Amino acid sequence: MWFSRTALLFFLALLQFVAAAEDYYKVLGLKKDATEKQIKSAYRQLSKKFHPDKNPGDETAHDKFVEVSEAYEALSDSETRRIYDHYGHEGLKQHKQQGGGGGHHDPFDVFNRFFGGGGHFGQQQRRGQDAHLKVAISLRDFYNGRTTEFQWNKQHVCEHCDGTGAADGVVETCPSCHGHGVRIQRHQLAPGMFQQVQVQCDQCGGRGKAIKHKCPVCAGQRVIRKPATVSLTIQRGMADGSRLAYENEADAHPDYVAGDLIVELTLKEPGLEEDNPDHVDGVFFRRKDNDLHWREVLSLREALFGDWTRNLTHLDGHIVRLGRKEGETVQPGHIDTIAGEGMPVWHEDGDSVYHKTEFGNLYVEYDVILPDQMENSLRKDLKAVFEKYRKKHGVDLHNDSGRPEKPVTVSEGHEHEEL
């Protein structure tokens, strides 16, 4: 009886411990089937949000920062994630006690390995340069909005050596500069005259540290370059040339906090098959700010007599109908303004309960194609009709223009002066 009661108390205590520990997936705001990419993305956002340097004096944010780091450590490693999925927090604890990986490290070290730098956002912390990239976006994606991905060759802190550059993790003081990173050289200028010059230590490259056994992955450089995948959200109506900033997503390095990745969206020229597999007319619209432009071709008959229609397929698939009734003519170069059929006007709230999306205009310019081949009988008939019309209405563009019949002679006194 006493044993059963003791076992029950132990079981209840264990349940209390497990309940007190927050589920790692919930900490990162993820589901259990989250991908490695989603885990990294969640840690990237939450670690910045709750970092103590951004929330000074806020103990709740500090505790959350620690929880996020612990959750990322457990779930980012395939072995510890498998143990956690099957046995929970207690399983990870036993794994750690048995000498396995996945133990709790300093959350600032975790942050440092992920972003590079010293783990803090302090103003004295060195900061790397921003990286600037251009990504070509189709007009259809600017119109409809889209979430996509792209890759770029990013510098990462070497995970094999944790950014030390040493295979065994041992980094010693450079024997040449004694840890100063610089050496003093003396140059003789003249007999009895010397000049002292401070130069960067060529043994350690100015680091003041020396490595005996270089990391086989990064060759002692502490960083490696490999493709990094970046999620890109294009909001409806964003302007050509819009810039998106990804905080601390530029090249990483153990000695400084990574700069920002600046992505500029540029409008790319449409391709017949690549960007237009469903043959949408709107792919070939031309954009100018919030307006769209299109050039429509008419035959001579359509321009003269009307009685025609066109269906333009817009960038989201809806139809814009063009046309003229019988007897309505269209002059070459005439431009129709179709209100509300241009680009969505970008707004930070998008199309929501707080804001209704507005649209620019669609401008349609007409080109009239004259026939270059015609049967003689048809040509004579048309000419007769036009001659009859000209005589009846007295239309003679040459005479009506007021232009001289003969060349104008310029007198010598009115010669053009050279400018």
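Does GLY317 fit the bill of being surrounded by 10 or more Cβ atoms within 10 Å (Cβ to Cβ), modelled with pLDDT under 80, not assigned by TED's automatic domain parsing to the domain that holds THR233 and not in a strand (DSSP E or B)? For GLY317, the condition - surrounded by 10 or more Cβ atoms within 10 Å (Cβ to Cβ), modelled with pLDDT under 80, not assigned by TED's automatic domain parsing to the domain that holds THR233 and not in a strand (DSSP E or B) - is not met. Scanning region 381-396 finds no residues that are within 21 Å of VAL283 (Cα to Cα) and charged (D, E, K, R). Checking LYS64, LYS40, LYS93 one by one, the residue that is in a helix (DSSP H, G or I), at pLDDT below 85, of a type in the set (Lys, Arg) and over 26 Å from ARG222 (Cα atoms) is LYS93 and no other. Evaluation of ALA228 against the conditions (1) touching a residue at least 24 places away in the same chain (Cβ under 8 Å); (2) surrounded by 15 or more Cβ atoms within 10 Å (Cβ to Cβ); (3) not assigned by TED's automatic domain parsing to the domain that holds THR147 shows that the sole unmet condition is (3). Taken over region 196-235, the residue count meeting the criterion of being touching a Phe, Trp or Tyr at 6+ places or on another chain (Cβ under 7 Å) and assigned to a loop (DSSP other than H, G, I, E, B) is 1. Taking the residues in region 332-363 that are at pLDDT 95 or above and polar (S, T, N, Q) as candidates, determine which candidate is farthest from the chain's Cα centre (by Cα). Checking each candidate, the answer is THR337. Just a yes or no: is a residue in region 112-125 under 33 Å from the mean Cα position of the chain (by Cα) and modelled with pLDDT of 80 or more? Scanning region 112-125, I find no residue that is under 33 Å from the mean Cα position of the chain (by Cα) and modelled with pLDDT of 80 or more, so the answer is no.
Would you check if VAL217 is under 30 Å from ARG287 (Cβ atoms) and either in contact with a Cys (Cβ under 9 Å, 6 or more places away or on another chain) or at pLDDT 90 or above (or both)? Criteria not met by VAL217. Pick from region 46-71 the residues that are closer than 15 Å to ARG113 by Cα and within 24 Å of the chain's Cα centre (by Cα): which of them is surrounded by the most Cβ atoms within 10 Å (Cβ to Cβ)? Looking at the filtered set, the residue picked out is SER47.
Residues checked against (1) on the phi < 0 side of the Ramachandran plot; (2) touching a residue at least 24 places away in the same chain (Cβ under 8 Å); (3) of a type in the set (Asp, Glu):
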{"residue": "LYS288", "(1), (2), (3)": "yes, no, no"}
{"residue": "GLU296", "(1), (2), (3)": "yes, yes, yes"}
{"residue": "LEU300", "(1), (2), (3)": "yes, yes, no"}
{"residue": "GLY306", "(1), (2), (3)": "no, yes, no"}
{"residue": "LEU312", "(1), (2), (3)": "yes, yes, no"}
{"residue": "HIS318", "(1), (2), (3)": "yes, no, no"}
{"residue": "ARG321", "(1), (2), (3)": "yes, no, no"}
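For region 254-278, residues that are farther than 21 Å from TYR363 by Cβ, part of a loop (DSSP other than H, G, I, E, B) and at pLDDT 85 or above total 5. When the residues of region 197-214 are filtered to those that are modelled with pLDDT of 80 or more and loosely packed, with under 14 Cβ neighbours inside 10 Å, the one that is farthest from CYS161 (Cα to Cα) is VAL197.
Would you be able to tell me the number of residues in region 130-168 that are closer than 20 Å to CYS218 by Cβ and assigned to a loop (DSSP other than H, G, I, E, B)?
Total satisfying the criteria: 10.
Where residues in region 290-300 are touching a Phe, Trp or Tyr at 6+ places or on another chain (Cβ under 9 Å) and among the hydrophobic types (A, V, I, L, M, F, W, C), which of them is surrounded by the most Cβ atoms within 10 Å (Cβ to Cβ)? Going through the qualifying residues, I end up with LEU292.
Residues in region 24-37 include at least one that is part of a helix (DSSP H, G or I) and either under 21 Å from VAL230 (Cα atoms) or touching a strand residue (DSSP E or B) at 6+ places or on another chain (Cβ under 7 Å) (or both).
Residues checked against (1) within 30 Å of PRO332 (Cα to Cα); (2) surrounded by fewer than 17 Cβ atoms within 10 Å (Cβ to Cβ):
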{"position": "THR233", "(1), (2)": "no, yes"}
{"position": "ALA245", "(1), (2)": "no, yes"}
{"position": "VAL263", "(1), (2)": "no, no"}
{"position": "LYS288", "(1), (2)": "yes, yes"}
{"position": "GLU302", "(1), (2)": "yes, no"}
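Annotation for region 284-292: at least one member residue is assigned to a helix (DSSP H, G or I), closer than 21 Å to SER138 by Cα and not β-branched (Val, Ile, Thr).
The values are calculated or read from the model by the stated rules, or taken from the named source; none is laboratory data. Bear in mind the structure is a predicted one, so any value in this text is a computation, not a measurement. With ideal geometry, Cβ positions are generated from the backbone for all residues, glycine too; neighbour counts draw on all protein chains shown.
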